[in-house]
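Chemist: Pasting a structure here, questions to come.
The values are calculated or read from the model by the stated rules, or taken from the named source; none is laboratory data. All figures in this text were calculated on a predicted structure; none of them were measured in a lab. Heads up, the Cβs are rebuilt from the backbone with ideal geometry, glycines too, and the neighbour counts pull from every protein chain shown.
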């Protein structure tokens, strides 16, 4: 039993990271119809920014994290202006390729600046020799607990923000109907810029949180981004609940797959499941079937 | 039009390049790059078919490239086969895998299809890396042999000629595919899948064929790559390469053969030219991709063609030899379409709820009713776009309820749409050609019918225009010409008059009267009562999904139930009805 609990806990924590990245993809997609393949790179850049400021500038860890988040927000704004804005009226394919181009740039830019050797980051909570606590036969790694906690807090805050604040309503209105929002006097371009800023920072935060678990390398964002995209799709594109549920589910499935099916084929296993899922439930986890109108 | 000439020009330009390039590049390294560029360009040409023609995205091109490479590698180095026997093995395996991937398009498109192809690619990469017994695992396979082609092709230069020659042949093939019936169907599916289906194009078959063809082409590229370098390892056939090939297609211009080849060579050589930038060359590479996408929407070739189009002048259309055969072949007055207790429910909404009516050969039958009464749903059921919840539809003596639209269309039905569904990026001529493909006969017969249909509607002069550049009223006429070109027995018109101004409407009425005079059977959904009364011989009225009246126009329009349905007030309705009577 304990082993199942352990796997479930680890899976959920990893899934929390997927969910955070997927959340960024969903928010950008809902606001702009852009599928951002560079979201995983925001993770990688967030982790590097933390390393750079914390170790390079020798700031306090938490202060460094805050500054790194600020840098990510600026990057998000630049991304919106440089990539989204010129491509806003184009079909989905060129946009995908442009974000892939951006991801090639980010990856290799990081490689050029930081070099190929992996960096190590401390966990958020540094306590005890094991960095965790044993409860009922399950080892709770503090970092995993932090990841789950942050995911939960962010999901709740974000929900409250979109449902109960005026700014949140404006952003929702923008994502549902840009023209109507514009007619109602909502500054659409600003709302979209804010979405990019928030989503980029969110990606960066996810990267900082996984950094102590994986090493920080220029390649770390690629797989994370891909899995987050998979989760977004499975969750029913643009569905926030679906992305979160999908992220957590993928983390658990992967962890169990690695334990009971095959370690080397764990990704293949997860992606095969995704294909089957898409074929039999293309409307996503929570979605309803819609018919095309002739 | 005009493509025959430019095809000759491309061959005249391409062949010398095939011969000259291996002579011009003298370093061993440069020649290897040529071989690599040729192999990747072939793979990119696969995307020309799949993405450029059929409009389906794939991020699994490296998988098929890999299948071809492994077939040749295993065949020649492990199983002692000749290259020319191993190659068809690879092509066959890739085609089969392409069919499997293509079948998923039955249910998925767009982002979802992108994701499925990514999954496919990652699964392939993991198998290639981990199934050590067959693929040799991460170490790969060495000792791959080259084919004999008159001579053993031992030098890099000889092999470069071979690879470039293959590229040239594939390029010519893909070029000619574009204007074949299959190529047109692919492009029609890309532009508007629903409309293509309604014109008798089996969209699933077309998409699966595109996937299979694209996979086989990529496998050929992979086979050339494997024996060119005599060694392969799984990291070559990764998602990164799939992305690279997609970038090649888009940067060069996915819709045309020269674009894909330009993209293939440019992105193969670009990193080499940028070598001096050392560590940041891949950053620049990424930036170049973004810039091309930003500023050249149709790629380098599309951009060059835009410049060239200003100079080129379209050749006039060859006139049809005979007028278009319009109207059916059977006896006037026989029932050709009969609905029996037909129903369609969307969840709790009963859009059509037990409707019966019959359309007789040679008549113009109008289907009218207030907004939301189920007229368009009826048309969609008849043409196969919706599957009925219950009931029967007999067309020309056969049950067609639940049949896919393309099969209904090929039985002799054509339709137009409420919101015009033209193949927007295709020319008027190509639009009508796709419609003409529904009926029998070879390419000559198709062209003859298309030309005749354009003449019938009076659009010969606009034949070379892109459909989306035409004014709204003309687009409606193109849609009718496209439907007529397939010489249907029954034409369904869904609000043909909507959005037309007075003179356009008169033009439409004249056209439809001419069609009626030729004996064409039409089922007309229309709101404009003057149009209905001018044209129709029988009217069926729907309200809330049920038939409330039918008969001759004068009787129906005087029916109090009908007037009430439109005006909503029983007394006023009765008064109006009395007046009309």
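Chemist: Quick one: would you say residue A:216 is more than 30 Å from residue B:347 (Cα to Cα) and surrounded by fewer than 21 Cβ atoms within 10 Å (Cβ to Cβ)?
Modeler: no
Chemist: Scan segment B:427-441 residue by residue and report those that are free of Cβ contacts under 8 Å to residues at least 40 places away in the same chain and in contact with a helix residue (DSSP H, G or I) (Cβ under 9 Å, 6 or more places away or on another chain).
Modeler: Filtering segment B:427-441 for residues free of Cβ contacts under 8 Å to residues at least 40 places away in the same chain gives B:440-441.
Of everything in segment B:427-441, just one residue is free of Cβ contacts under 8 Å to residues at least 40 places away in the same chain and in contact with a helix residue (DSSP H, G or I) (Cβ under 9 Å, 6 or more places away or on another chain), namely B:441.
Chemist: Continuing with the same structure: Out of all the residues in segment B:425-434, is one or more away from chain A (no Cβ under 14 Å), more than 20 Å from residue B:494 (Cα to Cα) and at pLDDT below 90?
Modeler: no
Chemist: Another one. Please verify whether residue B:286 is closer than 16 Å to residue B:35 by Cα, assigned to a helix (DSSP H, G or I) and within 12 Å of another protein chain (Cβ to nearest Cβ), treating the condition exactly as stated.
Modeler: In short, no.
Chemist: Given the criterion part of a helix (DSSP H, G or I), in contact with a helix residue (DSSP H, G or I) (Cβ under 7 Å, 6 or more places away or on another chain) and surrounded by fewer than 20 Cβ atoms within 10 Å (Cβ to Cβ), identify the matching residue among B:108, B:33, B:40, B:50.
Modeler: Exactly one residue qualifies, and that residue is B:33.
Chemist: Condition (residue is in the same structural domain as residue B:472 (by TED's automatic domain parsing), farther than 14 Å from residue B:194 by Cα and either modelled with pLDDT of 90 or more or under 21 Å from the mean Cα position of the chain (by Cα) (or both)) applied to segment B:415-424: is it met by at least one residue?
Modeler: No, that holds for no residue.
Chemist: Here is a list of conditions, (1) more than 30 Å from residue B:450 (Cβ to Cβ); (2) buried (at least 24 other Cβ atoms within 10 Å of the Cβ); (3) within 14 Å of chain A (Cβ to nearest Cβ), and residue B:196 meets all of them except one; can you say which number that is?
Modeler: (1)
Chemist: Moving on to the next point. Can you pull out the strands (runs of 3 or more DSSP E) entirely within segment B:335-379 that have at least 3 residues that are under 17 Å from residue B:565 (Cα atoms)?
Modeler: Once the strands (runs of 3 or more DSSP E) in segment B:335-379 are filtered for at least 3 residues that are under 17 Å from residue B:565 (Cα atoms), what remains is B:349-360, B:364-368.
Chemist: Would it be correct to say that residue B:127 is surrounded by fewer than 18 Cβ atoms within 10 Å (Cβ to Cβ), facing another protein chain (nearest Cβ under 9 Å) and assigned to a helix (DSSP H, G or I)?
Modeler: Yes; evaluated as a whole, the condition is true for this residue.
Chemist: How many residues does segment B:104-157 contain that are without any contact (Cβ under 8 Å) to a residue 60 or more places away in the chain and farther than 30 Å from residue A:274 by Cα?
Modeler: Residues in segment B:104-157 being without any contact (Cβ under 8 Å) to a residue 60 or more places away in the chain and farther than 30 Å from residue A:274 by Cα: 7 in total.
Chemist: Among the candidates B:387, B:392, single out the residue that is more than 22 Å from residue B:526 (Cβ to Cβ), in the same structural domain as residue B:473 (by TED's automatic domain parsing), at pLDDT 90 or above and outside any loop (DSSP other than H, G, I, E, B).
Modeler: On inspection, the qualifying residue turns out to be B:392.
Chemist: Here's a follow-up. Which residue is nearest to the chain's Cα centre (by Cα), if the candidates are limited to segment B:221-243 and must be surrounded by fewer than 24 Cβ atoms within 10 Å (Cβ to Cβ) and within 12 Å of chain A (Cβ to nearest Cβ)?
Modeler: Of everything passing the filter in segment B:221-243, B:243 is nearest to the chain's Cα centre (by Cα).
Chemist: Mind counting the residues in segment A:84-99 that are within 20 Å of the chain's Cα centre (by Cα), facing another protein chain (nearest Cβ under 7 Å) and modelled with pLDDT of 85 or more?
Modeler: The number of residues fulfilling the criteria is 1.
Chemist: Restricting attention to segment B:131-156, report how many residues are in a helix (DSSP H, G or I) and crowded, with 17+ Cβ neighbours inside 10 Å.
Modeler: 2
Chemist: On to the next question. Taking residue B:254 and the conditions (1) assigned to a helix (DSSP H, G or I); (2) closer than 22 Å to residue B:63 by Cα, which numbered condition does it fall short on, given that it satisfies the others?
Modeler: Residue B:254 satisfies every listed condition except (1).
Chemist: The conditions are (1) free of Cβ contacts under 8 Å to residues at least 12 places away in the same chain; (2) more than 20 Å from residue B:240 (Cβ to Cβ), and residue B:74 fails exactly one of them. Which is it?
Modeler: So residue B:74 meets the others, but not (1).
Yes or no, residue by residue, for (1) under 30 Å from residue A:91 (Cα atoms); (2) in contact with a strand residue (DSSP E or B) (Cβ under 6 Å, 6 or more places away or on another chain); (3) surrounded by 24 or more Cβ atoms within 10 Å (Cβ to Cβ):
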residue	(1), (2), (3)
A:31	yes, no, yes
A:40	yes, no, yes
A:43	yes, no, yes
A:47	no, yes, yes
A:51	no, yes, no
A:58	no, no, no
A:61	no, no, no
A:64	no, no, no
A:69	no, no, no
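Chemist: Can you tell me which condition residue B:236 does not meet? The list is (1) under 19 Å from residue B:72 (Cβ atoms); (2) not in a helix (DSSP H, G or I), and all the others hold.
Modeler: Condition not satisfied by residue B:236: (2).
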